[in-house]
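**Q** Next up is a structure, given as structure tokens.
The values are calculated or read from the model by the stated rules, or taken from the named source; none is laboratory data. Quick caveat, the model's predicted, so the values are computed rather than measured. Accessible surface areas use protein heavy atoms only, side chains included; no ligands, DNA or RNA. Shrake-Rupley method; radii C 1.70, N 1.55, O 1.52, S 1.80 Å.
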Amino acid sequence: MVVTCSDTRTPDSDTSGKLICHLLKEQGHSIAEYRIIKDEPTEIKALLLQAIGQEAIQVIIINGGTGISRRDSTFEAVDDFLEKRLDGFGEIFRFLSYQDIGSPAMLSRAVAGTHGKLVVFSIPGSQGAVRLAMEQLILPEIGHITGELTK
């Protein structure tokens, strides 16, 4: 499942959500669902809870809402949902971002973890951040992570 959390993006203007879908399909992954939702904790939590019961959804990649502005609340919703955190994901993402954009990388609250057999990645919504997260972290490990959850 690919989710864009944004108060302003539409299916036409959601270049980052489209990029995630493209990169997943390019690597042979299928997308069970794609949605754009408001950056509202209740909407995000409801979507995550709904996904738990769907066998076709093993991974959720959320983009947007990971910053520190007043409206950025994706991190809190996702963090509350996670049972096991993959702290290394956020740490490595920020390190790689730092190499690319410098000190503003510390403002990212990218996070990943699991809930039952579901893997959740929450990444910034810029195309650069999406490409970095997908190409250097998520795509190389997505099969390994989902495999570990089925052991």
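**Q** Could you please state, rounded to a whole Å, how far the C-alpha centre of the range 78-151 is from the C-alpha centre of the range 15-58?
**A** So the two Cα centres are separated by 14 Å.
**Q** Another question about this same structure. List every residue whose amide H lies under 5 Å from the amide H of T4, counting only residues 5 or more places away in sequence or on a different chain, with H placed 1.01 Å from N in the peptide plane.
**A** Those qualifying (amide H under 5 Å, at least 5 residues apart or on another chain) are R35, I36, I37, N63.
**Q** For the range 20-151, report the accessible area per residue in Å² (1.4 Å probe, heavy atoms, rounded to an integer).
**A** 53
**Q** With the full set of protein chains in place, find how many percent of the accessible area of the range 1-103 is carbon and sulfur; take the probe as 1.4 Å.
**A** Carbon with sulfur: 50 percent of the solvent-accessible area.
**Q** In whole Hz, with x marking every Gly and Pro, tabulate ³J(HN,Hα) for the range 116-127 from phi via Karplus 6.51 cos²θ - 1.76 cosθ + 1.60, θ = phi - 60°.
**A** My calculation for the range 116-127 gives x, 9, 9, 9, 10, 10, 10, 10, x, x, 6, 4 Hz in order.
**Q** Viscosity 1.306 mPa s, temperature 10 °C: give me the Stokes-Einstein translational D for the range 83-151 in µm²/s, with Rh taken as the Kirkwood radius over C-alpha pairs.
**A** Rounded, D is 128 µm²/s.
**Q** Can you list the HN-Hα couplings for the range 72-84, worked out from phi with the Karplus curve (6.51, -1.76, 1.60; θ = phi - 60°), rounded to whole Hz and with x for Gly and Pro?
**A** The phi angles translate into 6, 10, 4, 4, 4, 5, 5, 4, 5, 6, 5, 8, 10 Hz.
**Q** Quick one: if you take sqrt(5λ) for each eigenvalue of the C-alpha gyration tensor of the range 1-48, what semi-axes come out, biggest first, whole angstrom?
**A** They are 20, 13, 6 Å, listed largest first.
**Q** Right, another one. Sorted by accessible area with a 1.4 angstrom probe, largest first, how do T8, T150, T66 fall?
**A** T8, T150, T66
**Q** If you don't mind, there's one more thing I want to ask. Calculated from the structure, volume of the Cα convex hull per residue in Å³ equals which of [x] 101; [y] 158; [z] 112?
**A** Only one option fits the structure, namely [x].
**Q** How large is the helix-only mean residue ellipticity at 222 nm for the chain, computed as the sum of -39500 (n - 2.57) over DSSP H runs with n ≥ 4, divided by its residue count, in deg cm²/dmol to the nearest 500?
**A** The per-residue figure over the chain is -12500 deg cm²/dmol.
**Q** Still on this model: Tell me which aspartates and glutamates have Cα within less than 17 Å of K45's Cα, excluding those fewer than 8 residues away on the same chain?
**A** Partners within reach: D7, E33, D72, E76, D79, D80, E83.
**Q** Read phi for every residue in the range 139-148 and hand back ³J(HN,Hα) as whole Hz from Karplus 6.51 cos²θ - 1.76 cosθ + 1.60, θ = phi - 60°, with x for Gly and Pro.
**A** 4, x, 10, 4, x, 4, 5, 5, x, 4
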